[in-house]
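Since the structure comes first, as structure tokens, the remarks are kept for the end.
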């Protein structure tokens, strides 16, 4: 059940007005670089010792629309991300749309619009997603029954209607499936470089036992984004970071396994979803 809010927020992005009742609306510019495990360890020591970094943990449960034998939203233009986020005390639903991508220095640059709302915590969603993933891994047709129950719950909680604020493809009658779950450990600091201001996060993300590392810097203040990226790169070098600490391997798509398993179920002739 959604919490009741009296306030009405207006989200202005890309020249479009979005009504966001009972929600947090945000446009974010993010610089990101993938790290090796050693690079993550080096930076974490500096963040904790010199900047009193704040550690946190969160579990995310991702969803996508499955059609034409693949997850649709992850490859849509623009890409859409749908997820529940659980930090141990607060459960939130987020719809996130990537509106621009670029690159500079060692960083990929991404601009996203997002809307996030609080949801009354209910362990049922976690249990259902975990049961679905377990059944799917066995190619058990019962996975589709669980998926139906999950989608009905999402509809009842209003998250599908809510998602349509940023996602025109997110029709209520589309077929939504849990794609994957992960656990994120973060260390966050605030950083000011000349006139630039950032919120910088180190992250270790666990997807089915595969751990990836990254640095993400949300740009809070900048007059020239490219110069900001160069300044941040220079600062990283000044604290001992170098090119050997960058992971240049192709990232593993965490949705590939469940996408392949779902395809196999439908190839087997299971059509009751």
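At least 2 residues that are surrounded by 18 or more Cβ atoms within 10 Å (Cβ to Cβ), over 15 Å from the mean Cα position of the chain (by Cα) and modelled with pLDDT of 90 or more in each: list the strands (runs of 3 or more DSSP E) lying fully within region 1-89 that qualify. Full working, then the answer.
On the way: elements: 8-13, 16-21, 24-35, 54-67, 80-86.
In region 1-89, 24-35, 54-67 are the strands (runs of 3 or more DSSP E) which contain 2 or more residues that are surrounded by 18 or more Cβ atoms within 10 Å (Cβ to Cβ), over 15 Å from the mean Cα position of the chain (by Cα) and modelled with pLDDT of 90 or more.
Of all the residues that make up region 116-135, how many are within 14 Å of residue 61 (Cβ to Cβ), surrounded by 15 or more Cβ atoms within 10 Å (Cβ to Cβ) and touching a helix residue (DSSP H, G or I) at 6+ places or on another chain (Cβ under 9 Å)?
7
Kindly establish whether residue 113 is buried (at least 20 other Cβ atoms within 10 Å of the Cβ) and either over 26 Å from residue 25 (Cβ atoms) or modelled with pLDDT of 95 or more (or both). Spell out how you get there, then give the answer.
On the way: buried (at least 20 other Cβ atoms within 10 Å of the Cβ): yes; either over 26 Å from residue 25 (Cβ atoms) or modelled with pLDDT of 95 or more (or both): yes.
It is true that residue 113 is buried (at least 20 other Cβ atoms within 10 Å of the Cβ) and either over 26 Å from residue 25 (Cβ atoms) or modelled with pLDDT of 95 or more (or both).
Hey, among the residues in region 170-189 that are more than 18 Å from the chain's Cα centre (by Cα) and in contact (Cβ under 8 Å) with a residue 40 or more places away in the chain, which one's surrounded by the most Cβ atoms within 10 Å (Cβ to Cβ)?
Narrowing region 170-189 to residues more than 18 Å from the chain's Cα centre (by Cα): 171-175, 189.
So of that shortlist, the ones also in contact (Cβ under 8 Å) with a residue 40 or more places away in the chain come out as 174-175, 189.
Numbers: 174: 17, 175: 16, 189: 19.
Applying the filter and picking the extreme gives 189.
Determine, yes or no, whether residue 107 is over 30 Å from residue 245 (Cα atoms) and surrounded by 15 or more Cβ atoms within 10 Å (Cβ to Cβ). Step through it out loud before you land on a result.
Working: over 30 Å from residue 245 (Cα atoms): no; surrounded by 15 or more Cβ atoms within 10 Å (Cβ to Cβ): yes.
For residue 107, the condition - over 30 Å from residue 245 (Cα atoms) and surrounded by 15 or more Cβ atoms within 10 Å (Cβ to Cβ) - is not met.
Residue by residue, here is whether (1) out of contact with any strand residue (DSSP E or B) (no Cβ under 7 Å at 6 or more places or on another chain); (2) within 29 Å of residue 268 (Cα to Cα); (3) in contact (Cβ under 8 Å) with a residue 60 or more places away in the chain holds:
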position: 56; (1), (2), (3): no, no, yes
position: 62; (1), (2), (3): no, yes, yes
position: 81; (1), (2), (3): no, yes, no
position: 86; (1), (2), (3): no, no, no
position: 92; (1), (2), (3): no, no, no
position: 100; (1), (2), (3): no, no, no
position: 104; (1), (2), (3): yes, no, yes
position: 108; (1), (2), (3): no, no, yes
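Just to verify a result, which residue in region 214-236, among those that are exposed (fewer than 12 other Cβ atoms within 10 Å of the Cβ) and at pLDDT 95 or above, is nearest to the chain's Cα centre (by Cα)?
Within region 214-236, the subset exposed (fewer than 12 other Cβ atoms within 10 Å of the Cβ) is 221, 223-224, 234.
Narrowing further to those that are at pLDDT 95 or above: 221, 224, 234.
Numbers: 221: 22, 224: 26, 234: 27 Å.
Restricting to residues being exposed (fewer than 12 other Cβ atoms within 10 Å of the Cβ) and at pLDDT 95 or above, the top hit is 221.
Could you tell me whether region 160-176 includes any residue that is closer than 26 Å to residue 94 by Cα and part of a strand (DSSP E or B)?
Step one: filter region 160-176 for residues closer than 26 Å to residue 94 by Cα, giving 160-176.
Narrowing further to those that are part of a strand (DSSP E or B): 176.
Yes, the conditions are met somewhere in region 160-176.
May I ask you to verify whether residue 145 is in contact (Cβ under 8 Å) with a residue 24 or more places away in the chain and closer than 28 Å to residue 268 by Cβ? Quick ask: steps written out before the conclusion?
Details: in contact (Cβ under 8 Å) with a residue 24 or more places away in the chain: yes; closer than 28 Å to residue 268 by Cβ: yes.
In short, yes.
Among the residues of region 161-187, count how many are touching a helix residue (DSSP H, G or I) at 6+ places or on another chain (Cβ under 8 Å) and closer than 24 Å to residue 212 by Cβ.
Here the count works out to 6.
If I ask for residues that are surrounded by fewer than 18 Cβ atoms within 10 Å (Cβ to Cβ), at pLDDT 95 or above and either outside any strand (DSSP E or B) or touching a helix residue (DSSP H, G or I) at 6+ places or on another chain (Cβ under 7 Å) (or both), which ones from region 190-204 would you list?
Across region 190-204, the qualifying residue is only 193.
Quick check on region 156-168. Is at least one of its residues touching a strand residue (DSSP E or B) at 6+ places or on another chain (Cβ under 9 Å) and closer than 30 Å to residue 236 by Cα?
Applying the first criterion (touching a strand residue (DSSP E or B) at 6+ places or on another chain (Cβ under 9 Å)) to region 156-168 yields 157-160, 162-167.
Cutting the leftovers down to closer than 30 Å to residue 236 by Cα gives us none.
No, the conditions are met nowhere in region 156-168.
The values are calculated or read from the model by the stated rules, or taken from the named source; none is laboratory data. The model shown is predicted, which means the values in this text are computed figures rather than measured ones. Ideal geometry is used to build each Cβ from the backbone, glycine not excepted, and the neighbour counts take in all protein chains shown.
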